[in-house]
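Input: a single structure, listed below in structure tokens.
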Amino acid sequence: MTGHSPDFPGSVLIDADRLASRVAALASEIVGDMGRDFLVISVLKGSFIFAADLLRAMHMAGGTPDMDFITLSSYGLGTQSTGEVTVSRDVDVEIAGRQILIVDDILESGRTLSFAKDLMLSRQARSVKTCVLLEKPGKLAVSMRADFVGFECPDKFVVGYGMDAAHAWRQLPFVGVVEE
Ligand code: IMP
Ligand code: MG
């Protein structure tokens, strides 16, 4: 599978094969570090495909994780993620005493992941680790590093594999860059 799509007006940055092998390696790394039992919290909407693939890869790596979801929005316009993060739909499980892995699509300013981590710590999580598919270097606005990173991402707006540009292109089975 080449990852090409006739309808996508852009280029493939990370194809489906590279995504699958990196996700498998990440899952082994995570289970090796965190053990079998932990709670995965997928940050919606952008991480839903990554988190679903990661969860299945964790099973193959011997993990038995639980899964929940939180929808976070950062106040901002267009492709700029700036400002305040809010919870638009919360998890519905108990966090206190649990070992948590927060999964998001991209770490850019770090505000989203930092907000999510602080929220889980304020709810008395036993430990909180973070995993992102992509990290855009040099864009941090807060002090935040992810514990597990899939790929370094160039400073371009990417779509696909769950990530959108104005609600489009989440369905792409690869990570692509839209031509301006
Ligand atoms: P941060 O809070 O600045 O770290 O931004 C992270 C969030 O911004 C991610 O969860 C994405 O929702 C969004 N984001 C940042 N860059 C991109 C991109 O290139 N494509 C799609 N979403 C992005
Ligand atoms: Mg997001």
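None of the figures in this text is laboratory data; all of them are computed from the coordinates on show. Note that the coordinates shown come from a computational prediction; the quantities given were computed from them, not determined experimentally. No Cβ is skipped: glycine too gets one built from the backbone with ideal geometry, and neighbour counts run over all protein chains shown.
Largest first and to the nearest Å, give the Cα extent of the stretch 1-138 along each principal axis.
Principal-axis extents of the stretch 1-138 (Cα, largest first): 48, 39, 28 Å.
Quick one: compute the contact order of the chain, relative version, from alpha carbon pairs under 8 angstrom and 6+ residues apart, as a percent. All intermediate terms of the calculation are to be shown ahead of the outcome.
On the way: 367 pairs, mean separation 42.5, N = 180.
Once divided by the residue count of the chain, the mean separation gives 24 percent.
Give a residue-ordered list of calculated ³J(HN,Hα) values for the stretch 126-142 (Karplus: 6.51 cos²θ - 1.76 cosθ + 1.60, θ = phi - 60°; whole Hz; x for Gly, Pro).
5, 8, 10, 10, 10, 9, 10, 5, 10, 10, 9, x, x, 10, 5, 9, 10
Sticking with the crude label model, points 7 Å out along Cα→Cβ, report the distance from LEU140 to SER73 in nm, one decimal please.
Roughly 2.9 nm, to one decimal.
Based on the Kirkwood radius over alpha-carbon pairs, what is the Stokes-Einstein translational diffusion coefficient of the stretch 114-173 at 25 °C with 0.890 mPa s viscosity, in µm²/s? Before the final figure, lay out the partial values.
Working: Rh = 13.4 Å.
For these conditions, the coefficient is 183 µm²/s.
By per-residue mean of other Cβ atoms within 10 Å, what is the highest-first order of 133-143, 166-176? Each step should come with its number before you reach the end.
Numbers: 133-143: 15.5, 166-176: 17.5.
Result, highest mean first: 166-176, 133-143.
Quick one: which residues, 5 or more positions from LEU101 or on another chain, have an amide H under 5 Å from its amide H? H modelled 1.01 Å from N in the peptide plane, none for Pro or chain starts.
Amide H to amide H, under 5 Å and 5 or more residues apart or across chains, LEU101 pairs with LEU39, VAL40, ILE41, LYS129.
Given a Förster radius of 30 Å and the C-beta distance between VAL87 and HIS59 as r, what FRET efficiency does 1/(1 + (r/R0)^6) yield to the nearest 0.05? Write out the running numbers ahead of the final one.
Numbers: r = 28 Å, r/R0 = 0.95.
So, using R0 = 30 Å, E works out to roughly 0.60.
So for each of 44-55, 23-34, 119-130 I average, over its residues, the number of other beta carbons within 10 Å; can you give me the resulting order with the highest mean first? Show your work: numbers first, answer last.
Numbers: 44-55: 21.2, 23-34: 18.2, 119-130: 16.8.
Result, highest mean first: 44-55, 23-34, 119-130.
With θ set to phi - 60° and the Karplus curve 6.51 cos²θ - 1.76 cosθ + 1.60, what are the ³J(HN,Hα) couplings of the stretch 154-166 in order, to the nearest whole Hz, using x for Gly and Pro?
Using θ = phi - 60°, the values come out as x, 6, 9, 7, 10, 9, x, 6, x, 8, 10, 10, 6 Hz.
Between GLU94 and GLU29, what is 0.36 nm times their sequence separation minus the Cα-Cα distance? Round to one decimal in nm.
20.8 nm
Of the chymotrypsin sites (Phe, Trp or Tyr not before Pro) in the stretch 52-123, which ones lie in a loop per DSSP and count no more than 13 other C-beta atoms within 10 Å? Working shown, then result.
Working: sites: PHE69, TYR75, PHE115; in loops: TYR75.
Passing sites in the stretch 52-123 are TYR75.
Which distance in nm do the two modelled labels at ASP37 and ASP66 give, with both placed 7 Å along the Cα-to-Cβ direction?
1.0
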